[in-house]
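Data first, discussion second: the structure below is written as structure tokens.
The values are calculated or read from the model by the stated rules, or taken from the named source; none is laboratory data. Note that the structure is predicted; figures quoted are calculated from it, not measured. Note: ideal-geometry Cβ built from the backbone for every residue, glycine included; neighbour counts use all protein chains shown. We work out accessible area using only protein heavy atoms, side chains counted, and drop any ligands, DNA or RNA first. Shrake-Rupley method; radii C 1.70, N 1.55, O 1.52, S 1.80 Å.
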Protein chains: 2
Amino acid sequence: MERLDQLPTPALLLDLEVLERNVARMARRAQRLGVALRPHVKTHKCLEIAELQERHGAAGFTVSTLDEARVFVDRGFTDLTWAFPLPLSRLAEARRLAQRANLRLLVDSPQAVAALEAQEHPFHVWLKVDCGYHRAGVDPSSGMALELARRIATAPRLVFDGILTHSGQAYDAPSVEALRAVAEEERRVMVDCAERLRAAGIAVPRVSVGSTPATSVAESLDGVDEARPGNYVFYDHVQVALGACTAADCALTVLASVVSRQRDHAVVDAGALALSKDPGTGTTMGEIYRDYAGGILDPELRLVALSQEHGHLNRPLAVGERLRILPNHSCLTAACFDHYTVVRGDEVVGRWRIWRQRT
Amino acid sequence: MERLDQLPTPALLLDLEVLERNVARMARRAQRLGVALRPHVKTHKCLEIAELQERHGAAGFTVSTLDEARVFVDRGFTDLTWAFPLPLSRLAEARRLAQRANLRLLVDSPQAVAALEAQEHPFHVWLKVDCGYHRAGVDPSSGMALELARRIATAPRLVFDGILTHSGQAYDAPSVEALRAVAEEERRVMVDCAERLRAAGIAVPRVSVGSTPATSVAESLDGVDEARPGNYVFYDHVQVALGACTAADCALTVLASVVSRQRDHAVVDAGALALSKDPGTGTTMGEIYRDYAGGILDPELRLVALSQEHGHLNRPLAVGERLRILPNHSCLTAACFDHYTVVRGDEVVGRWRIWRQRT
């Protein structure tokens, strides 16, 4: 059995026990809240993890790109929501893929609805609603929301799946109480929007919400049908800082080695292409565990800067010392590697592919 | 012939004419300065570009990881410097690869020198020197510099290649004059260091320097033997801001589409996994061209935030509008994609693989 002290670095470590606990807990949480779970695979891009989520009752999956969708369809995952406003330049590809799977699309503009109306294919379509994040989506109280929902619902060939949102503003919540308030606001905005559309005679089959921080703390999802968290499989330093989880819930770390010791700092072999340059909370580019299994974050150590392959540690450690880095943003960190080194304690038990292609 | 207005987005566009001009110009510059050019491939990770550099006289290449080294050795590029302080955990792999190629290693610690002394293989070894960047490398005036150089030069089986540095502090230069001063300081520190080692009876075969900004503006490299710039093949917004190049010298852009129009902003389909989250100068996450070929940066438009697949543009544009994004940091942007879409004007003339694996 290969052990962590023999692995070449950098390596992306996935703690199987923590992963399984996170997947099981979110599945129970969704069940208790009375919603279906349609996990976002943009975080892990990994078939083995999707299978684990399926065993825990996942009802379909969410993808962020057509590349992810193709990989998952090729392996038999055929109920997918592409939770990104449809790029018109990808419509032909989406249509080809939709011959082989139920690929549910997302729209928030008349242009995208018109493009779909012009297709022969009976696409399933979600209307994207802005619940306060103000990134994309229609204003739930606008005439546009009514107009687009009606067009989708009455188009001869389209199937209206319902309304969908993402509470990305949860990432700005200054406290767990504020996070709970975001989750409740997301629920309320979406339920009100569905009621408004229904009052106007539009059948709204489903209401879909989701972000990992909001779903991790929501106290009620009454009126909501499904949630689409993604990051919860791994969590990360940002989620710990938000109060969405504890450090013990973080399943993903980067194993690195000290390669250069300087007077008041050290350099490790994990830089921007092993961690991403996500600034997280702005206080660190990565927190540090000095032990292998489980463990406690070292309060004195952190990465203060990253260049392409170099990580700049704020203390001098000995050349050859190995440590684990808790990334700021696990989704972007996973997308730096081609596989997870799956571990139980300090033993390597598997190697799972990360399907990060961008064609 | 495929044209840019037909390409699915996001796509990584490489302007062949600009690339060829950059490669030719840096080759002439190195010749004029009297140094060999050993380009860093971490920027492009692309065999076709390395071949172009070779046709323009590149004398070997520089890599940042063993993964890059393996790809290049497999395709017949057998004179490589791995310009990263040797991670002890990779020594066995480095040794296997060094059976098939001249893989020159870099050290700045007694631990790494000891590990190499213990090998049967006659590794070529550079001593990494800190010329003022203060990331890695030995202090050129220290006893450690003398001690390590002597150990490498006198080890029975090692071959001392000389001293090597990277003037990363060039990226903090506030003006072109300051940039020239960094280049001159790098040269002076390294020439002084070589003289000091030689005065102590240590033969120093070569002096290697390099960063794209410094090499782009250096007025003299007297006493230096080779330069290792990498970014110059593409340049990027950071290099423009530094004065190392003009926007017309930037060869790499991301073609994106507007997917959502909001009251005072728009969303494009290029986020952190198409551009990286490199903050660049801190003023933009990407500058914008609204035309296809060549063109002028739109002074009113820029990306103000990136999430995983979403780019947040500061102005509302129409859904479906296509634009090109000049990235902050082309090395990290290239590492987001699997291939370059090579273009001349608005015509697609090739598709070159990006070898971004991390095994």
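Remarks
- Intensity falloff of region B:274-324 expressed as log10 I(q)/I(0), Debye formula with alpha-carbon point scatterers, at q = 0.15, 0.22 Å⁻¹: -0.41, -0.88
- In this structure the amide hydrogen of A:His339, modeled in the peptide plane, comes within under 5 Å of the amide hydrogens of A:Ile354, none closer than 5 places in sequence on its chain.
- For B:Pro299, the point set 7 Å out from Cα toward Cβ sits 5.2 nm from its twins in the other copies, listed from shortest up.
- Segments B:256-263, A:155-162 sorted - mean Cβ within 10 Å per residue, highest first: B:256-263, A:155-162
- Inter-site label distance for A:Ala114 and A:Glu195 at 7 Å from Cα along Cβ, in nm: 3.5
- The packing ranking, built from the mean of other Cβ atoms within 10 Å per residue, places the peptides B:45-57, B:128-140 in the order B:128-140, B:45-57, highest first.
- Out of every Cα-Cα pair that region A:16-89 contains, those further apart than 20 angstrom amount to 31 percent.
- Over chain A, Cα pairs under 8 Å with separation of 6+ residues give a relative contact order of 20 percent.
- Using a 1.4 angstrom probe on protein heavy atoms only, the contact between B and A buries about 4600 square angstrom of accessible area, both sides summed.
- With a simple spin-label model that places each label point 7 Å from the Cα along the Cα-to-Cβ direction, the separation between A:Ala59 and A:Val176 comes to 2.8 nm.
- With 40 Å² as the minimum drop in accessible area between chain alone and full protein complex (1.4 Å probe), the qualifying residues in region B:243-271 are B:Val259, B:Gln262.
- Across every direction, the projection of the convex hull enclosing the Cα atoms of region A:227-359 has a mean area of 8.8 nm².
- Surface composition of chain B: carbon and sulfur atoms hold 49% of the protein heavy-atom accessible area at a 1.4 Å probe.
- Cα shape, region B:26-160, gyration tensor, a/c 1.5 rule: oblate
- For region B:128-170, the fraction of alpha-carbon pairs in successive 10 Å shells from zero, as %: 30, 47, 20, 3
- Since only A:Ala244, A:Gln111, A:Cys336 are under comparison, the one whose Cα sits farthest along the positive direction of the charge dipole of chain A, derived from C-beta charges on Lys, Arg, Asp and Glu, is A:Gln111.
- Calculated over region B:234-289: convex hull of Cα atoms, volume per residue (Å³): 94
- Backbone HN-Hα couplings from phi across region A:4-10 [Karplus 6.51/-1.76/1.60, Hz, Gly and Pro as x]: 4, 6, 10, 6, x, 10, x
- Centroid-to-centroid separation of region B:216-241 and region B:1-47 [C-alpha atoms, Å]: 14
- Other copies of B:Ala203: label-to-label distances in nm, shortest first, labels 7 Å along the beta-carbon direction: 8.7
- Interface residues, region B:112-161 - accessible area loss of 40 Å² or more versus chain alone, probe 1.4 Å: B:Arg135
- DSSP-defined beta bridges in chain A - what % are antiparallel, rounded to 5: 50
- Distance from region B:170-214 to region B:246-324 (C-alpha centre basis), Å: 37
- Candidates B:Gly60, B:Gly286, B:Gly320, ranked by Gaussian network fluctuation over chain B, Cα under 10 Å, top entry: B:Gly320
- Sorting A:203-215, A:227-239, B:212-224 by average packing, meaning the other beta carbons within 10 Å per residue, from highest down gives A:227-239, A:203-215, B:212-224.
- Percent of Cα-Cα distances greater than 32 Å, calculated over the protein assembly as shown: 53
- Residue closest to axis [chain B; rotation mapping onto A; Cβ; Å]: B:Lys277, 2
- Charging the Cβ of each Asp and Glu at -1 and of each Lys and Arg at +1, and nothing else, the dipole of region A:98-157 about its Cα centre rounds to 220 debye.
- Annotation for A:Glu93, label-to-label distances across the other copies: 2.9 nm (shortest first, one decimal, point 7 Å from Cα along Cα→Cβ).
- Cα-based Rg and Dmax for region B:71-133, where Dmax is the largest Cα-Cα distance (Å): 11.9, 36
- In range of the label at B:Ala305: residues from region A:273-307 whose backbone nitrogen is under 16 Å from the point 7 Å along Cα→Cβ: A:278-282
- Reciprocal of mean inverse Cα separation for chain A (Kirkwood radius, Å): 21.2
- For A:Ala83, the residues 5 or more places off, or on other chains, whose built amide H falls under 5 Å of its own are A:Val63.
- Accessible area per residue in Å² at 1.4 Å probe, computed on region A:81-193: 37
- Per-residue mean of C-beta atoms belonging to partner chains within 10 Å, peptide A:104-110: 3
- Among beta bridges that DSSP assigns inside the protein assembly as shown, antiparallel share in %, nearest 5: 50
- Average projected area [Cα convex hull, region B:96-198], square nanometres: 7.1
- Gyration tensor (alpha-carbon) shape descriptor, region B:168-212, a/c threshold 1.5: prolate
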